[in-house]
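Novice: Below you will find the structure I want to go over with you.
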Amino acid sequence: MTFKELQISEPILKALTNKKYDKPTPIQGQAIPVALAGRDLLGIAQTGTGKTAAFAIPIIQQLCQSKSERKREIKALILTPTRELAIQIDECFTDYAKYTNLRNTVIFGGVNQRPQVDKIKQGTDILVATPGRLLDLIAQKHISLANICHFVLDEADRMLDMGFIHDIKRILPMLPKQKQTLFFSATMPNAIASLSKSMLQNPARVEVAPVSSAAETVDQHLYFVEKPQKSDLLITLLNQQKDKSVLVFSRTKHGADKLARILNKKGIGCEAIHGNKAQNARQRALTNFKSGKTRVIIATDIAARGIDIANLELVINYDLPDMAETYVHRIGRTGRAGNNGTALTFCSPEEKAMVREIQKLTGKKLNTLSVPA
Ligand code: AMP
């Protein structure tokens, strides 16, 4: 199947060609026709499946075809749980809507609201938001949801985990009754299933394999190494793979900073991102990483949530995570959208029990490599 066969219009096709996407991912192939027909959608899919384009493309195309296009008001709202995801989704809209007249804006908490309000005042068609900042700006009358015709609830299960369900329930009644709703969640616990029922009218249900199958598409290897030798091993491996962008996971913020210092001293350009760094610094580090300016990023699990880097080939678990599921999320950062990926895990004697748990969860034995001399 091609994007053209999905009846995607010329300006968007051109943007997709720029992105070098040659064919739709499974969720895109299923969701785009349904959403283009104006139907509500229940999408069961995780990050990494291409779900952002699956909702962004039909929204852009429908907005371009709608008569109200020329009026600069918020017509599409995308709610997502984290700042990182919000920024990434907004970047997708910027990319896919490049050859249209539509404007998109993103708002999220933790930073000064002023620049965000200024941008909204200039007029926007599409708004990507985290729930708290959206409610703040609505309360201050900077934003009205009265003209929304497309509404996306992204990562609904994570919204629940992060305690945003009350915020969502406050936002829903502010939306017009007549609209298209696209609802995405990786899992369907009862609370999410009933929320989706209350929000969707006659939805089409689209489901794709969970990213836990990342465990199948990513080449995974293990090094048994004593803790004090881990940094030498990392330096050796990074020097062997000079052309690759690498995401390194550290269990602690302090460990991430320390490792960044060691690598920089060795002339390996890298930056650390974690919860103690300001949002702007984290964003700058991510931008540098995506553009290739920094080759190595060292992240804690929380900071790495939602990091979406196309063509990330290598993930290194410098430390093992506390939970086996986290391992699957970590390695799911590579091998996305059908690309090849490799995950290397450093295991010290104290960490062996976690390797056993991971192997139990993924049903796969990790392949042990010998530490280079
Ligand atoms: P998402 O699930 O939306 O977070 O997307 C995961 C990754 O897949 C992102 O890096 C996208 O840029 C990439 N992607 C999305 N659609 C396609 C496609 N049709 N072909 C190749 N890569 C894609």
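The values are calculated or read from the model by the stated rules, or taken from the named source; none is laboratory data. Not measured: the values here are computed from a predicted model. Counting neighbours? That spans all protein chains shown, and the Cβs are built from the backbone with ideal geometry, glycine included. Ligands, DNA and RNA are excluded from the accessible area calculation, which covers all protein heavy atoms including side chains. Shrake-Rupley method; radii C 1.70, N 1.55, O 1.52, S 1.80 Å.
Novice: Quick check on my filter: what residues within the stretch 235-268 are of a type in the set (Gly, Ala, Ser), outside any helix (DSSP H, G or I) and surrounded by 14 or more Cβ atoms within 10 Å (Cβ to Cβ)?
Specialist: Here is the first cut: in the stretch 235-268, the ones of a type in the set (Gly, Ala, Ser) are 245, 250, 255-256, 260, 267.
Filter once more, keeping what is outside any helix (DSSP H, G or I): 245, 250, 267.
Scanning the stretch 235-268 gives 245, 250.
Novice: Name every residue in the stretch 258-280 that is touching a strand residue (DSSP E or B) at 6+ places or on another chain (Cβ under 8 Å) and under 21 Å from residue 333 (Cα atoms), in order of residue number.
Specialist: 259, 260, 269, 270, 271, 272, 273, 274
Novice: Shifting gears a bit: Residue 83 - would you say it is open to solvent by 30 Å² or more (accessible area, probe 1.4 Å), among the charged types (D, E, K, R) and within 28 Å of residue 189 (Cβ to Cβ)?
Specialist: Here the answer is yes, as residue 83 does meet what is asked.
Novice: Considering only residues of the stretch 4-25 that are touching a Ser or Thr at 6+ places or on another chain (Cβ under 9 Å) and near the ligand (Cβ under 10 Å from one of its atoms), which is farthest from residue 151 (Cα to Cα)?
Specialist: If we take residues in the stretch 4-25 being touching a Ser or Thr at 6+ places or on another chain (Cβ under 9 Å) and near the ligand (Cβ under 10 Å from one of its atoms), then 22 is farthest from residue 151 (Cα to Cα).
Novice: Right, next: Look at the stretch 291-307 and say how many of its residues are modelled with pLDDT under 80 and open to solvent by 50 Å² or more (accessible area, probe 1.4 Å).
Specialist: So the answer is 2.
Novice: Here's something else I'd like to know. Residue 166: free of Cβ contacts under 8 Å to residues at least 24 places away in the same chain and in the same structural domain as residue 44 (by TED's automatic domain parsing), yes or no?
Specialist: yes
Novice: Inspect all residues belonging to the stretch 222-234 and state whether any of them is in contact (Cβ under 8 Å) with a residue 24 or more places away in the chain, part of a loop (DSSP other than H, G, I, E, B), open to solvent by less than 90 Å² (accessible area, probe 1.4 Å) and of a type outside the set (A, V, I, L, M, F, W, C).
Specialist: Within the stretch 222-234, not a single residue is in contact (Cβ under 8 Å) with a residue 24 or more places away in the chain, part of a loop (DSSP other than H, G, I, E, B), open to solvent by less than 90 Å² (accessible area, probe 1.4 Å) and of a type outside the set (A, V, I, L, M, F, W, C).
Listed here are the residues, each with its yes/no results for (1) aliphatic (A, V, I, L, M); (2) assigned by TED's automatic domain parsing to the domain that holds residue 162; (3) touching a strand residue (DSSP E or B) at 6+ places or on another chain (Cβ under 6 Å).
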{"residue": "41", "(1), (2), (3)": "yes, yes, yes"}
{"residue": "50", "(1), (2), (3)": "no, yes, no"}
{"residue": "56", "(1), (2), (3)": "yes, yes, no"}
{"residue": "76", "(1), (2), (3)": "yes, yes, yes"}
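Novice: Consider residue 146 carefully, then state whether it is among the aliphatic types (A, V, I, L, M), in contact with a helix residue (DSSP H, G or I) (Cβ under 9 Å, 6 or more places away or on another chain), open to solvent by 30 Å² or more (accessible area, probe 1.4 Å) and over 25 Å from residue 362 (Cβ atoms). Break it down into steps so the answer makes sense when it comes.
Specialist: Numbers: among the aliphatic types (A, V, I, L, M): yes; in contact with a helix residue (DSSP H, G or I) (Cβ under 9 Å, 6 or more places away or on another chain): yes; open to solvent by 30 Å² or more (accessible area, probe 1.4 Å): yes; over 25 Å from residue 362 (Cβ atoms): yes.
Criteria met by residue 146.
Novice: Now a separate question. Has the stretch 174-192 got any residue that is part of a helix (DSSP H, G or I), open to solvent by 10 Å² or more (accessible area, probe 1.4 Å), modelled with pLDDT under 95 and under 25 Å from residue 42 (Cβ atoms)?
Specialist: Within the stretch 174-192 (the criterion being part of a helix (DSSP H, G or I), open to solvent by 10 Å² or more (accessible area, probe 1.4 Å), modelled with pLDDT under 95 and under 25 Å from residue 42 (Cβ atoms)), the answer is yes, since at least one residue qualifies.
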